[in-house]
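The next block holds one structure in the form of structure tokens; read it before the comments.
All of the numbers you see were taken from the coordinates with simple rules; none came from a lab. Model, not experiment: these values are computed from the prediction. Note that each Cβ is placed from the backbone with ideal geometry, even for glycine, and that neighbours are counted across all protein chains shown.
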Amino acid sequence: MAARLSFDEPSKSIKSSVSIPRRSSIYIEDVAPYADLVEPVFGLLENHSLRAVTSTVTIAEILTKPFADKNFSLADEIKFTLKSFSALSVLPVDEKLAEAAALIRARYAIRLPDALQVAAAIQGEATLFLTNDKRTKKVDAVEVLVLSDFLNG
């Protein structure tokens, strides 16, 4: 059983925000042990106690498997689920985000998809960056939480 991430009750003005990982499908599709671990994050999003930000890279990542499996109903369900979180901002990968990602890649030597997500987190003023990639821990521009660090083991 996974430990749960705990968040202090954010203020009414929703100043607390988190960056949703690009491989969010492992949480949305209820993949153990991560789904249990981040369930509180999605609960806080549902009741607007937390703001979240991600980039369109997340959309590409989480729709790949359903498309590969020709499971278009699951793809539609995932898209509907993401759109149902009004406290979730999905930032497009535009020129500004791409340049920020290049700077992040140059400074921290992380993979492009992760750099794009970190850039989106910073641009979206996230205070936490959730990931399961330990290499992203070296980023100091935002507080990075590696989900596997919270697993009992």
Mean separation of Cα contacts under 8 Å, 6 or more apart, over the residue count of the range 17-150: relative contact order %: 30 percent
Ser148 versus Ala87: modelled label distance in nm, points set 7 Å from Cα along the beta carbon direction: 2.9 nm
Cβ charges +1 (Lys, Arg) and -1 (Asp, Glu), total dipole of the range 17-150, debye: 440 debye
Centroid-to-centroid separation of the range 118-153 and the range 63-106 [C-alpha atoms, Å]: 17 Å
Cα pair distances of the range 17-150 binned at 5 Å [whole percent]: 2, 11, 21, 24, 21, 14, 6, 1, 0
Arg111-Asp69 FRET efficiency (beta carbon distance; Förster radius 22 Å; 0.05 resolution): 0.35
15 Å tail of the calculated P(r), the range 72-153, as % of Cα pairs: 62 percent
Label-point separation, Glu46 to Lys96 (7 Å along Cα→Cβ), nm: 3.3 nm
Protection-proxy order for peptides 105-116, 122-133, each taking the mean of Cβ atoms within 10 Å per residue, highest first: 122-133, 105-116
